[in-house]
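Written below as C-alpha coordinates is the structure these notes are about.
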Amino acid sequence: YMTDNYVIGEKVENIFYLTFNRPEKRNAISFEMLDKMSKLVETVIMDRDIRVIIFKGEGNVFSAGIDFDSLGQLAGTFLNDVGGGGASIRAEIHRAQQVLNRLESIEVPIICAIHGAAIGLGVEVTLACDIRLMSEDCIWSLPEAQFGLIADLGGTARLSKLLGQSRAMEILMTTNRYSAQQALEWGLINYLYPTKEALFEGAEKLAKDIIKSAPLAVGAFKKIIKRGEGVDLMTHLDMEVSMQSIMIRSEDFKEGVDALMNKRSPVWKRK
(Lines give C-alpha, C1' and ligand atoms only; values in the text may rest on other atoms or scores of the structure.)
Protein backbone atom coordinates (compact mmCIF):
# COMPACT_ATOMS: atom_id res chain seq x y z
CA TYR A 1 0.00 0.00 0.00
CA MET A 2 1.14 3.56 -0.64
CA THR A 3 2.21 5.47 2.43
CA ASP A 4 3.55 8.45 0.55
CA ASN A 5 0.59 10.69 1.16
CA TYR A 6 0.05 9.62 4.78
CA VAL A 7 2.24 12.53 5.88
CA ILE A 8 2.05 15.69 3.81
CA GLY A 9 4.03 18.90 3.93
CA GLU A 10 2.78 22.17 2.53
CA LYS A 11 4.51 25.54 2.56
CA VAL A 12 2.28 28.61 2.78
CA GLU A 13 4.37 31.80 2.92
CA ASN A 14 6.48 31.49 6.10
CA ILE A 15 4.62 28.54 7.61
CA PHE A 16 5.20 24.87 6.84
CA TYR A 17 2.18 22.67 7.54
CA LEU A 18 3.07 19.11 8.48
CA THR A 19 -0.05 16.93 8.49
CA PHE A 20 -0.81 13.33 9.39
CA ASN A 21 -3.07 12.42 6.49
CA ARG A 22 -4.51 8.99 7.19
CA PRO A 23 -7.96 9.89 8.52
CA GLU A 24 -9.53 6.56 7.61
CA LYS A 25 -7.15 4.89 10.10
CA ARG A 26 -7.45 7.71 12.65
CA ASN A 27 -3.93 8.77 11.68
CA ALA A 28 -2.35 5.61 13.08
CA ILE A 29 1.42 6.06 12.72
CA SER A 30 3.53 3.51 10.86
CA PHE A 31 7.34 3.54 10.90
CA GLU A 32 7.28 4.65 7.24
CA MET A 33 5.24 7.66 8.33
CA LEU A 34 7.81 8.55 10.99
CA ASP A 35 10.55 8.39 8.34
CA LYS A 36 8.53 10.55 5.94
CA MET A 37 7.93 13.09 8.71
CA SER A 38 11.65 13.21 9.39
CA LYS A 39 12.48 13.71 5.69
CA LEU A 40 9.97 16.54 5.36
CA VAL A 41 11.48 18.26 8.39
CA GLU A 42 14.92 17.97 6.76
CA THR A 43 13.67 19.92 3.72
CA VAL A 44 12.49 22.72 6.01
CA ILE A 45 15.99 23.29 7.37
CA MET A 46 17.25 24.27 3.91
CA ASP A 47 14.42 26.72 3.21
CA ARG A 48 15.19 30.26 4.40
CA ASP A 49 11.54 31.34 4.12
CA ILE A 50 10.10 28.80 6.54
CA ARG A 51 9.94 30.23 10.02
CA VAL A 52 7.46 28.02 11.86
CA ILE A 53 6.15 24.47 11.44
CA ILE A 54 2.52 23.73 12.35
CA PHE A 55 1.91 20.04 12.96
CA LYS A 56 -1.67 18.74 12.82
CA GLY A 57 -3.84 15.75 11.94
CA GLU A 58 -6.44 15.39 9.17
CA GLY A 59 -9.90 14.04 10.06
CA ASN A 60 -11.39 13.48 13.51
CA VAL A 61 -8.28 12.98 15.62
CA PHE A 62 -4.62 14.03 15.74
CA SER A 63 -3.46 10.42 16.05
CA ALA A 64 -4.72 7.18 17.58
CA GLY A 65 -1.11 6.03 18.08
CA ILE A 66 1.04 3.33 16.58
CA ASP A 67 -0.19 1.45 13.54
CA PHE A 68 -0.90 -2.11 14.75
CA ASP A 69 0.50 -3.67 11.56
CA SER A 70 3.79 -1.90 12.26
CA LEU A 71 3.69 -3.04 15.86
CA GLY A 72 2.96 -6.61 14.69
CA GLN A 73 5.90 -6.66 12.27
CA LEU A 74 8.12 -5.31 15.00
CA ALA A 75 6.94 -7.87 17.53
CA GLY A 76 7.62 -10.63 15.00
CA THR A 77 11.18 -9.41 14.44
CA PHE A 78 11.74 -9.02 18.17
CA LEU A 79 10.44 -12.44 19.14
CA ASN A 80 13.07 -13.96 16.83
CA ASP A 81 15.74 -12.23 18.88
CA VAL A 82 15.13 -14.37 21.96
CA GLY A 83 18.76 -15.43 22.15
CA GLY A 84 20.22 -12.15 20.95
CA GLY A 85 20.37 -10.24 24.23
CA GLY A 86 17.99 -7.66 22.78
CA ALA A 87 20.60 -5.76 20.75
CA SER A 88 18.55 -5.69 17.55
CA ILE A 89 15.49 -4.51 19.50
CA ARG A 90 17.43 -1.67 21.09
CA ALA A 91 18.88 -0.66 17.73
CA GLU A 92 15.43 -0.45 16.13
CA ILE A 93 13.89 1.57 18.96
CA HIS A 94 16.89 3.86 19.02
CA ARG A 95 16.49 4.53 15.30
CA ALA A 96 12.85 5.51 15.80
CA GLN A 97 13.86 7.76 18.72
CA GLN A 98 16.29 9.59 16.43
CA VAL A 99 13.42 10.53 14.11
CA LEU A 100 11.61 12.34 16.92
CA ASN A 101 14.88 13.85 18.14
CA ARG A 102 15.13 15.60 14.76
CA LEU A 103 12.01 17.60 15.62
CA GLU A 104 13.83 18.95 18.65
CA SER A 105 17.16 19.66 16.99
CA ILE A 106 15.86 21.68 14.01
CA GLU A 107 16.09 25.41 14.81
CA VAL A 108 12.62 26.11 13.41
CA PRO A 109 9.95 26.10 16.15
CA ILE A 110 7.20 23.48 15.88
CA ILE A 111 3.67 24.21 17.08
CA CYS A 112 1.57 21.09 17.49
CA ALA A 113 -2.21 21.53 17.16
CA ILE A 114 -3.88 18.51 18.77
CA HIS A 115 -7.58 17.74 18.35
CA GLY A 116 -9.90 14.78 18.95
CA ALA A 117 -7.42 12.35 20.45
CA ALA A 118 -3.72 11.74 20.89
CA ILE A 119 -2.90 8.24 22.07
CA GLY A 120 0.45 6.55 22.78
CA LEU A 121 2.90 7.28 19.97
CA GLY A 122 0.60 10.19 19.01
CA VAL A 123 1.41 11.81 22.37
CA GLU A 124 5.11 11.01 22.00
CA VAL A 125 5.22 12.90 18.69
CA THR A 126 3.62 15.95 20.31
CA LEU A 127 6.12 15.82 23.19
CA ALA A 128 8.99 16.25 20.71
CA CYS A 129 7.37 19.48 19.41
CA ASP A 130 8.01 22.87 21.03
CA ILE A 131 4.59 24.30 21.80
CA ARG A 132 1.43 22.21 22.15
CA LEU A 133 -2.14 23.45 21.75
CA MET A 134 -5.35 21.43 22.15
CA SER A 135 -9.04 21.63 21.38
CA GLU A 136 -11.50 20.94 24.21
CA ASP A 137 -12.73 17.66 22.71
CA CYS A 138 -9.27 16.12 22.86
CA ILE A 139 -8.59 13.09 25.03
CA TRP A 140 -5.07 11.77 25.48
CA SER A 141 -3.35 8.82 27.08
CA LEU A 142 -0.25 6.66 27.03
CA PRO A 143 -1.70 3.12 27.19
CA GLU A 144 1.49 1.13 26.50
CA ALA A 145 1.40 -0.67 29.87
CA GLN A 146 -1.92 -2.27 28.82
CA PHE A 147 0.08 -4.34 26.32
CA GLY A 148 2.93 -5.05 28.72
CA LEU A 149 5.16 -2.42 27.08
CA ILE A 150 6.52 0.98 28.04
CA ALA A 151 6.38 4.28 26.14
CA ASP A 152 9.83 4.19 24.53
CA LEU A 153 9.93 7.05 22.02
CA GLY A 154 10.23 9.77 24.63
CA GLY A 155 6.92 9.09 26.35
CA THR A 156 8.70 8.27 29.58
CA ALA A 157 11.67 10.63 29.30
CA ARG A 158 10.05 13.76 27.84
CA LEU A 159 6.83 13.44 29.82
CA SER A 160 8.65 13.29 33.16
CA LYS A 161 10.83 16.27 32.20
CA LEU A 162 7.78 18.27 31.20
CA LEU A 163 5.29 17.36 33.93
CA GLY A 164 7.51 16.10 36.74
CA GLN A 165 8.07 12.56 37.95
CA SER A 166 4.89 11.84 39.91
CA ARG A 167 2.50 13.08 37.22
CA ALA A 168 4.39 11.07 34.60
CA MET A 169 4.24 7.96 36.77
CA GLU A 170 0.48 8.32 37.27
CA ILE A 171 -0.18 8.81 33.54
CA LEU A 172 2.07 5.91 32.46
CA MET A 173 1.27 3.44 35.23
CA THR A 174 -2.55 3.83 35.18
CA THR A 175 -2.91 4.21 31.36
CA ASN A 176 -5.91 6.45 32.19
CA ARG A 177 -7.41 8.77 29.60
CA TYR A 178 -7.20 12.47 30.37
CA SER A 179 -9.06 15.55 29.19
CA ALA A 180 -7.67 18.58 27.38
CA GLN A 181 -8.49 20.62 30.50
CA GLN A 182 -6.20 18.34 32.50
CA ALA A 183 -3.45 18.82 29.90
CA LEU A 184 -3.79 22.59 30.37
CA GLU A 185 -3.72 22.45 34.16
CA TRP A 186 -0.65 20.23 34.16
CA GLY A 187 1.24 22.35 31.63
CA LEU A 188 1.30 19.80 28.81
CA ILE A 189 -0.28 22.40 26.52
CA ASN A 190 -0.09 26.21 26.38
CA TYR A 191 -3.68 26.94 25.37
CA LEU A 192 -7.06 25.28 25.03
CA TYR A 193 -9.54 26.11 22.24
CA PRO A 194 -13.30 25.45 22.05
CA THR A 195 -13.23 23.80 18.59
CA LYS A 196 -10.87 22.25 16.06
CA GLU A 197 -11.32 25.32 13.80
CA ALA A 198 -10.45 27.68 16.65
CA LEU A 199 -7.44 25.47 17.46
CA PHE A 200 -6.03 25.71 13.93
CA GLU A 201 -6.67 29.48 13.89
CA GLY A 202 -4.93 29.79 17.25
CA ALA A 203 -1.93 27.87 15.95
CA GLU A 204 -1.67 30.22 12.97
CA LYS A 205 -1.96 33.32 15.13
CA LEU A 206 0.80 32.05 17.41
CA ALA A 207 2.92 31.18 14.36
CA LYS A 208 2.46 34.72 12.97
CA ASP A 209 3.48 36.22 16.31
CA ILE A 210 6.68 34.15 16.21
CA ILE A 211 7.31 35.13 12.57
CA LYS A 212 7.52 38.80 13.62
CA SER A 213 10.60 37.97 15.69
CA ALA A 214 14.10 37.64 14.25
CA PRO A 215 14.49 34.05 12.97
CA LEU A 216 18.07 33.52 14.12
CA ALA A 217 17.07 34.61 17.63
CA VAL A 218 14.04 32.30 17.57
CA GLY A 219 16.29 29.40 16.55
CA ALA A 220 18.79 30.30 19.27
CA PHE A 221 16.07 30.32 21.93
CA LYS A 222 14.96 26.85 20.90
CA LYS A 223 18.52 25.53 20.93
CA ILE A 224 19.45 27.03 24.30
CA ILE A 225 16.23 25.94 26.00
CA LYS A 226 16.19 22.41 24.55
CA ARG A 227 19.92 21.73 24.77
CA GLY A 228 20.21 23.38 28.15
CA GLU A 229 17.98 20.87 29.86
CA GLY A 230 20.01 18.99 32.41
CA VAL A 231 23.15 21.14 32.17
CA ASP A 232 24.31 23.22 35.12
CA LEU A 233 23.49 26.94 35.27
CA MET A 234 26.98 28.18 34.32
CA THR A 235 27.09 26.00 31.20
CA HIS A 236 23.58 27.17 30.31
CA LEU A 237 24.65 30.81 30.69
CA ASP A 238 27.68 30.10 28.49
CA MET A 239 25.30 28.92 25.77
CA GLU A 240 23.56 32.32 25.97
CA VAL A 241 26.91 34.07 25.61
CA SER A 242 28.02 32.09 22.56
CA MET A 243 24.64 32.40 20.83
CA GLN A 244 24.54 36.14 21.50
CA SER A 245 28.00 36.54 19.94
CA ILE A 246 26.47 35.10 16.75
CA MET A 247 23.37 37.33 16.92
CA ILE A 248 25.33 40.54 17.36
CA ARG A 249 27.33 39.84 14.19
CA SER A 250 24.24 39.05 12.11
CA GLU A 251 22.73 41.18 9.36
CA ASP A 252 19.36 40.74 11.02
CA PHE A 253 20.56 42.52 14.16
CA LYS A 254 21.52 45.60 12.09
CA GLU A 255 18.16 45.35 10.32
CA GLY A 256 16.30 45.10 13.64
CA VAL A 257 17.98 48.20 15.05
CA ASP A 258 17.44 50.15 11.83
CA ALA A 259 13.77 49.17 11.69
CA LEU A 260 13.30 50.26 15.30
CA MET A 261 14.97 53.65 14.69
CA ASN A 262 12.91 54.28 11.56
CA LYS A 263 9.64 52.98 13.04
CA ARG A 264 9.12 50.36 10.32
CA SER A 265 8.67 46.60 10.28
CA PRO A 266 11.93 44.67 9.93
CA VAL A 267 12.56 42.47 6.89
CA TRP A 268 14.40 39.43 8.20
CA LYS A 269 16.91 37.50 6.07
CA ARG A 270 17.84 34.75 8.54
CA LYS A 271 21.51 35.69 8.24
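The values are calculated or read from the model by the stated rules, or taken from the named source; none is laboratory data. Bear in mind that the values here come from a model prediction, so they are computed numbers and not experimental data. When we count neighbours, we look across all protein chains shown, and the Cβ atoms used for this are built from the backbone with ideal geometry, even at glycine. SASA here: full protein model, heavy atoms, side chains in, ligands and nucleic acids out. Shrake-Rupley method; radii C 1.70, N 1.55, O 1.52, S 1.80 Å.
What full-extension length gain, to one decimal in nm, is calculated for ILE224 and ILE93 as 0.36 nm per residue of separation minus the Cα-Cα distance?
Taking ILE224 through ILE93 to full extension adds about 44.5 nm, to one decimal.
Which one, LEU216, LEU149, LEU159, has the greatest fluctuation when you compute a Gaussian network model over the chain with C-alpha springs under 10 angstrom?
Per the Cα network of the chain with a 10 Å cutoff, LEU149 tops the list.
Taking the chain as a Gaussian network, where each spring joins two C-alpha atoms under 10 Å apart, which residue of GLN98, GLN73, GLN244 fluctuates the most?
Per the Cα network of the chain with a 10 Å cutoff, GLN73 tops the list.
Toward the positive end of the charge dipole of the stretch 92-143, about the Cα centre and with charges on Cβ (Lys, Arg +1; Asp, Glu -1), which of ILE110, TRP140, VAL99 goes farthest?
VAL99
Run the reach check for LYS271 against lysines, Cα to Cα strictly under 22 Å, same-chain hits fewer than 8 apart removed. What comes back?
By straight Cα distance, LYS271 reaches LYS11, LYS208, LYS212, LYS222, LYS223, LYS226, LYS254, LYS263.
Using the crude model of +1 on Lys and Arg Cβ and -1 on Asp and Glu Cβ, and no other charge, please compute the dipole size for the chain relative to its Cα centre, in debye to 20.
The dipole magnitude comes to about 680 debye.
Can you tell me the accessible area per residue over the chain, all protein chains present, probe 1.4 angstrom, in square angstrom?
53 Å²
Output wanted: per-residue J couplings in Hz (rounded whole) for the stretch 217-228, from phi through Karplus 6.51 cos²θ - 1.76 cosθ + 1.60, θ = phi - 60°, x for Gly and Pro.
Coupling constants for the stretch 217-228: 5, 4, x, 5, 4, 4, 5, 5, 5, 6, 6, x Hz.
Over the residues of the stretch 1-80, compute the C-alpha Rg and express it relative to 2.2 N^0.38 Å.
The value comes to 1.22.
Quick one: length gained pulling GLU58 to ALA157 fully straight, 0.36 nm per residue minus the C-alpha distance?
32.9 nm
What's the long-distance tail for the chain, i.e. % of Cα pairs beyond 27 Å?
42 percent
Which of the peptides 120-127, 202-209, 57-64, 85-92 is most tightly packed, and how do the rest follow, going by the mean number of other Cβ atoms within 10 Å of each residue?
With the highest mean Cβ count within 10 Å placed first, the list reads 120-127, 57-64, 202-209, 85-92.
As a check on your grasp of the helix formula, calculate [θ] at 222 nm for the chain: sum -39500 (n - 2.57) over DSSP H runs of n ≥ 4, divide by the residue count, round to the nearest 500.
Estimated from H runs of four or more residues: -15500 deg cm²/dmol.
Working from Cα positions, state the angle (0 to 90°, nearest 10) between the long axis of helix 251-261 and the longest principal axis of the chain.
Roughly 60 degrees, rounded to the nearest 10.
Given 10 Å bins starting at zero, what is the percent of C-alpha pairs of the stretch 71-118 in each, up to the one with the largest pair distance?
Going out from 0 Å in 10 Å bins, the stretch 71-118 shows 21, 33, 27, 18, 2 percent.
For the chain, set up a GNM with springs between Cα atoms under 10 Å and report which of LEU162, LEU237, LEU188 has the largest fluctuation.
Comparing LEU162, LEU237, LEU188 in the GNM, the peak value goes to LEU237.
To the nearest µm²/s, what D does Stokes-Einstein give for the stretch 70-187 at 4 °C and 1.567 mPa s, using the Kirkwood radius over alpha carbon pairs as Rh?
85 µm²/s
Share of the stretch 78-143's accessible area from carbon and sulfur, percent, 1.4 Å?
55 percent
Could you tell me how far the Cα centroid of the stretch 22-101 sits from the Cα centroid of the stretch 212-266, in Å?
What the calculation gives is 32 Å, centre to centre.
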